[in-house]
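Since the structure comes first, as structure tokens, the remarks are kept for the end.
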Amino acid sequence: MGSTRPYPAGDPGQDSAGSPPEGQLRQVRRLRLVGTAGVVSRAREFARVALHDWGWLPAATAEQRASAEDALLVVSELVTNACLHAGGPEELRLGHGPKLLRVEVLDRGLGVPALASTRRAGRPGGHGMFIVERLCLDWGVVRETGATGKTVWAELAAPPACDDGRE
């Protein structure tokens, strides 16, 4: 389902910056990553803390555990892609809503992530966006007019039991 749309398919309620409609996300957390070492592990730990605060962790069921692991993997893949292909990430944003988790990675790269056509099963590299595509409801890229860089976003479904009202 991946796209370069600024919003998920079939969602007419998005604003021009590609953000979900107000009310869809209860809280957004931001982590600046410019000039820091170990950005992938730092981003994963930041995401792990957020998932704990939002009730995804500790997971009470296998479904909740899988959802949390999927979210952490998507964070890792998007931050790694920014490191490998865009000169490093500038910021990680996590948005929590009753039905979804939105992951956004901002970078200054000019390229657009795409599903690699040269990937080989069982070989390292070239699988990142396939993983994101497989685990997420949707993903895309937003470019700000007149600005260098982009935001790569992905949205994952929250397990039903995680909507406990905590923020």
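Might you tell me the accessible area per residue for the stretch 15-111, computed with a 1.4 Å probe and given in Å²?
Dividing the accessible area of the stretch 15-111 by its residue count gives 48 Å².
How much length, in nm to one decimal, is gained on full extension between His85 and Leu115, taken as 0.36 nm per residue of separation minus their Cα-Cα distance?
9.5 nm
In the neighborhood of Leu33, defined by Cβ-to-Cβ distances under 14 Å, what is the net charge if each Lys or Arg adds +1 and each Asp or Glu adds -1?
Net local charge, Leu33 excluded: +2.
Given labels modelled 7 Å from the Cα in the Cβ direction, how far is it in nm from Ser41 to Ala157?
Spacing of the two 7 Å Cα→Cβ label points: 3.4 nm.
Which net charge results when you count Lys and Arg as +1 and Asp and Glu as -1 among the other residues whose beta-carbon is under 11 Å from that of Cys136?
Around Cys136, the surrounding residues sum to -3.
Take peptides 53-66, 97-110 and line them up by average Cβ neighbours within 10 Å, highest first, as a rough protection proxy.
Packing proxy ranking, top to bottom: 97-110, 53-66.
Report the net charge of residues surrounding Leu78, where surrounding means a beta-carbon distance below 13 angstrom and charges are Lys +1, Arg +1, Asp -1, Glu -1.
Combined, the nearby Lys, Arg, Asp and Glu give -4.
The values are calculated or read from the model by the stated rules, or taken from the named source; none is laboratory data. Source: prediction; values computed, not measured. Methodologically, a virtual Cβ is constructed for each residue, glycine included, from the backbone with ideal geometry; neighbour enumeration extends over all protein chains shown. Side chains included, ligands, DNA and RNA excluded: accessible areas come from the protein's heavy atoms. Shrake-Rupley method; radii C 1.70, N 1.55, O 1.52, S 1.80 Å.
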